[in-house]
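Down below is the structure, laid out as structure tokens.
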Amino acid sequence: MINFIIPGDNGHFPFTLGKGTLYMLWTIIAILPLLALGWFLLSQIELQIDSRIPQVSMRWAGVGQALVIYQEETWWLSVRVLLFKKKWPLAAIINRDAKKKKPVKKIKDRRHAKKRIGIRRILTLIKTFRVVHWEAAIDSNDAICNAWMYALNFLPYTQQHLLINFQDINYFTITIRNKAWRLLYAWIK
């Protein structure tokens, strides 16, 4: 038992940590990382593409987001992770990689070569994503072609998602969601 009593201090309540309190404290310390891990695994990952406003955003709920957007005649990459927020011009990032000198390739042993991700594993990862919403508006600038495609507006599977029009409106939006635990399970499997 630990006593936090200052000698000669009779005016305050003596605070003591007993065995039960220490067990409870260690239990809380052990459970907090498990709760954080569970939160990261159960939180939602969302990819949104919208061509009306040129924007691609990737959000991990509660963790952060990355956003590629066209503003002020340039493409911008905006990143927010927890409390950190930064915005860069995308052209500067792309050109920075091109300026770096390419190192001379060394011949490696096949035994020590890095393992590559197989196409099957990539396909299983892609299959874990779910399309939540998609919408496309198409105008081919040819009235006859639009008239032939106009019947697609009334098909049951495309009725609320596809719009064939004669008004020169063209756009595409899609929202794809996933959870981190599905990605991890597909990677391990």
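Quick note: the coordinates plus some simple rules give every number you see, no bench work behind them. The structure displayed is predicted, hence computed values, not measured ones. Here Cβ is always computed from backbone atoms with ideal geometry, including for glycine, and neighbour counts include all displayed protein chains.
Here are a few things to note about the model shown:
- In terms of distances greater than 23 angstrom between alpha carbons, the cross-link table entries LYS127/LYS189; LYS85/LYS127; LYS85/LYS115 yield LYS85/LYS127; LYS85/LYS115.
- Here's how it looks for LYS179: its modeled amide H is under 5 Å from those of ILE45, which are all 5 or more places away or on a different chain.
- HIS161 long-range amide H proximity, modeled H, under 5 Å: none
- Structural descriptor for the stretch 117-189: relative contact order 45 percent, calculated from alpha carbon pairs under 8 angstrom and at least 6 residues apart.
- Cα lying deepest toward the dipole's positive end in the stretch 117-189, options PHE154, ILE144, ILE126, charges on Cβ: ILE126
- Net charge dipole, the stretch 117-189: roughly 980 debye, given to the nearest 20, about the Cα centre with Cβ charges of +1 for Lys and Arg and -1 for Asp and Glu.
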